[in-house]
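The values are calculated or read from the model by the stated rules, or taken from the named source; none is laboratory data. Given the structure is predicted, the values throughout are model-derived calculations rather than measurements. Glycine also receives a Cβ, built like all others from the backbone with ideal geometry; neighbour counts cover every protein chain displayed. Accessible surface is based on the protein model in full, side chains and every heavy atom, while ligands, DNA and RNA are left aside. Shrake-Rupley method; radii C 1.70, N 1.55, O 1.52, S 1.80 Å.
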Amino acid sequence: RIGSATSLSSAVINTRLQELVRLFRERTEKVKEKLIDPDVTSDDESPVASPAAAVPAPGEELEGDKPSGDDHYCEMLCCTFKSQPWLDRLKSYQLPSSIDPLTNLMYVLWLFFVVMAWNWNCWLIPVRWAFPYQTPANIHYWLLVDYLCDLIYLLDILIFQTRLQFVQGGDIITDKKAMKINYLRSQRFKMDVLCLLPLDFFYFKVGVNPLLRFPRCLKYMAFFEFNNRLEAILTKAYIYRVIRTTAYLLYSLHVNSCLYYWASAYEGLGSTTWVYDGEGNRYMPGLGLSHSTACCHELEQDVVGAATAGQTYYRSCMDSTIKYMNFYKIPKTVQNRVKTWYEYTWHSQGMLDESELLVQLPDKMRLDIAIDVNYNIMSKVALFQGCDRQMIFDMLKRLRSVVYLPNDYVCKKGEIGREMYIIQAGQVQVLGGPDGKSVLVTLKAGSVFGEISLLAAGGGNRRTANVVAHGFANLFILEKKDLNEILVHYPESQKLLRKKAKKMLKNNNKPKDEKGGPGDPLIIPPKADTPKLFRAALAATGRMGGKVPLGRLRWRLKELKAMQE
C-alpha cells in the first residue's frame, strides 16, 4: 500500500510538472511571436493559474488578500489601491503660514471660486432686477446662493488675503504681522470691505431688492488677479484670452437685454412699437439691439487695444517664451522662475527692457534721466573719483538694468569679471567662509561692487566671492567693453583709472602679518599713555604714603590694573 501511494503521488507530481513546462513553452512562443510581429494581439496572453495553486471556495478570500479593518482601499481599473479617506486628509490639512501669489496653485484654485461668486453677482443681479424671475416661491434658493457667495468673500478677506507674500525693497516678506498690515493698508482691502456692505438689512423695509447687492460687483480686483495668475500657468494662454474676450461681449449683450426689458416694463409691455410686446422669450428680444451697436463695439475694441498695447506686447513675449520652453521640455522649476521674472519685471518697471524705451529718446534726454537716477551713486565710487565729469556722463548712458530673482547668483567665485554692478533696488549678499555659504556682508541699494574687474588684467579680474540676490534685486550693469570704448576719448582719465586699479589690487593682495596691516582697523583701540604730569603727581603722592586723595587714587588704579590682569 505504501508503495502504491508513493507511485501515485509521483505520478501526480510528474503530471503537474509537465503541465507547467507546457504552459511555459506556450508563453515563450507567444512572446517570440510578439517580438517578431508587434501587431499580434495580446488579449489571450493573460497568465493561466497553475494547477498547484490553491483556489478558494466561493465566498472565501485568501488570507493574504484580506484587507485589515483599519485600511482603506479604492478600486480603479480592476486594481485595488490603498488610500487615505478624504475626510481624514481634509482634517489633517493645514493652510500655509504664507502664500506665494505668483506660484501657489492652491491660491489660483481659490481665486477661481472667488471669481465664480463674483460672476454670480455680476450676471444675475441685473437679471433679478429687470426680469420677474425672482418670485416669493423661489426666493429662499436665491438667498441661499447669495449668502454662500458672501461667505466666500469673507473667507477671502480673513484667511487668504492676509497670508499673501509681498515684495518690499526687493525682499520677499513672509512675516504674518507684516503681511496683515500690508493688506489692511492696500486699496484691495478697501474695495473688499466696500463690496461687503450689509445693505441686506434694508430687506426688512423695502423687501428683497437685488439692487441692494450691487456693491458685491466691486470685487473686480480678484477677477483681474485671477486672469494674470491663470495666464501665467497656462501653456496656451491665448485660448483663455479669446474665451475671456468673448465673455466680455456676451456680458455687454446681457446687460443690454436686461435694460431693454426693464425699459419695456416701465413704459408698458406692447405699449409702443419699439418695446417688448410680451410674447415669446423675455430675454431674447433685447439681444437683437446688439446689431445696431456693432460699429460702436468695433470702436471700443480699437480704443481698448490702443490702451493695452504694452500689456499685449508683454503677453506676446510671455507666450513665445512658454512655447519655446515647452518645445524643448524645460523643467517646470525653471519655467516657474522664468514666469516669475516676467511678472516681477513687468509690474516693477512697466516694461521688460528699459533700453527699448530710452533708445527712442534724444541723447540729451537720455543723459538727463541717467543723471537723475544714478549720478550720485556713480560719483561716490572710489575708482571714478577725480575722473572727467563728461566721462561719468557717458558711462551713465551705457548702464543696463537687470532684475535678479531671490537666490540668483549675480557672480560666482573664480569667474572672469567683465561687469561692474550698481544696486538700484533690493539687496545682495556676499558669501564666503569654508563652505562658501556664510554671509560676509549684505549690500543695499546704492552700493557698488565689481568695479576693479573693469580695469584689472593678467588674471586679476577673477571674482573672489559668490554674490547672490537676497530677494528681488534690480541692478545696473556697466560692461567692460563699454568702458573701454569710452576711455578711448579720455586718455587722462584712463591713466588715472589704471593707476588706481593697480593700487587697489595691490592693497587687496598684500599679505597681512600677525599684527595686521597698517591700515587695519582695530576692534578695541589701544589704551592711551598716561600723561607725564599726571604720572609725576602720582609718584609724589606715593611718597607721601597716600595721605592725600591722589594717593588713594593711585592705590585704586593699581587695584584695577591687577583685576584686569
How much accessible area does Lys190 have with a 1.4 Å probe, in Å² rounded to the nearest 10? 120
Percent accessible area from carbon and sulfur atoms, the stretch 362-509, protein chains only, probe 1.4 Å: 50
Descending Cα extents along the principal axes, the stretch 152-228, whole Å: 51, 26, 18
Please turn the phi angles of the stretch 130-144 into ³J(HN,Hα) values with the Karplus equation 6.51 cos²θ - 1.76 cosθ + 1.60 (θ = phi - 60°), one per residue in order, whole Hz, x for glycine and proline. 8, 9, x, 8, 8, 10, x, 6, 10, 4, 5, 5, 4, 5, 4
In the stretch 110-145, which residues have a backbone nitrogen under 19 Å from the label point lying 7 Å from Asn227's Cα in the Cα-to-Cβ direction? 110-124
Enter the Cα centre distance for the pair the stretch 416-494 and the stretch 174-241, rounded to the nearest angstrom. 44
Taking a probe of 1.4 Å and leaving out DNA, RNA and ligands, the stretch 362-509 shows per residue an accessible area in Å² of 53
Please compute the modelled spin-label separation between Ile172 and Asn326, points set 7 Å along Cα→Cβ, answer in nm with one decimal. 2.5
Kirkwood hydrodynamic radius, computed over distinct alpha-carbon pairs, for the stretch 423-501: how many Å, to one decimal? 14.3
Environment charge of Phe160, counting only residues whose C-beta is closer than 14 Å and scoring Lys/Arg +1, Asp/Glu -1: +2
Based on the Cβ-Cβ distance of Lys412 and Thr272, what FRET efficiency does E = 1/(1 + (r/R0)^6) give at R0 = 56 Å, to the nearest 0.05? 0.10
Note on the stretch 362-509: alpha-carbon gyration tensor, axes a ≥ b ≥ c; rule is a/c under 1.5 for rounded, else prolate if a/b larger than b/c, else oblate; result oblate
For the stretch 83-233, what % of the accessible area comes from carbon and sulfur atoms, probe 1.4 Å? 69
How far apart, in nanometres, would the label points at Ala137 and Leu23 be if each is projected 7 angstrom from Cα along the Cα-to-Cβ direction? 6.8
Per residue, in Å², the accessible surface of the stretch 83-233 once ligands and nucleic acids are set aside, probe 1.4 Å: 56
Percent RCO, i.e. relative contact order, over the stretch 83-233, from Cα pairs under 8 Å lying at least 6 residues apart: 33
Please compare each pair in Lys364/Lys500; Lys481/Lys502; Lys397/Lys480; Lys219/Lys323; Lys413/Lys444; Lys397/Lys495 to a cut-off of 26 Å on the Cα-Cα distance and tell me which ones are over it. Lys364/Lys500; Lys219/Lys323
Let me understand the stretch 107-176 better: what is its radius of gyration from the alpha carbons, and its Dmax, in angstrom? 17.2, 57
Hz values of 3J(HN,Hα) by residue in the stretch 221-234 - Karplus curve (6.51, -1.76, 1.60), Gly and Pro given as x: 4, 5, 5, 5, 5, 4, 4, 5, 5, 5, 5, 6, 9, 7
Which whole-Hz couplings ³J(HN,Hα) result when phi for each residue of the stretch 163-174 is put into the Karplus expression 6.51 cos²θ - 1.76 cosθ + 1.60, θ = phi - 60°, listed in order with x for Gly and Pro? 10, 7, 5, 8, 9, 9, x, x, 8, 8, 8, 10
Per residue, the convex hull enclosing the alpha carbons of the stretch 83-233 has a volume in Å³ of 161
Nonlocal amide H pairs with Cys411, under 5 Å, H built at 1.01 Å: Val467
Per the 1/(1 + (r/R0)^6) rule, R0 = 22 Å and r from the Cβ atoms of Trp120 and Tyr240, FRET efficiency to 0.05 is 0.65
Distance in nm between Leu440 and Glu492 label points, each 7 Å along Cα→Cβ, equals 3.6
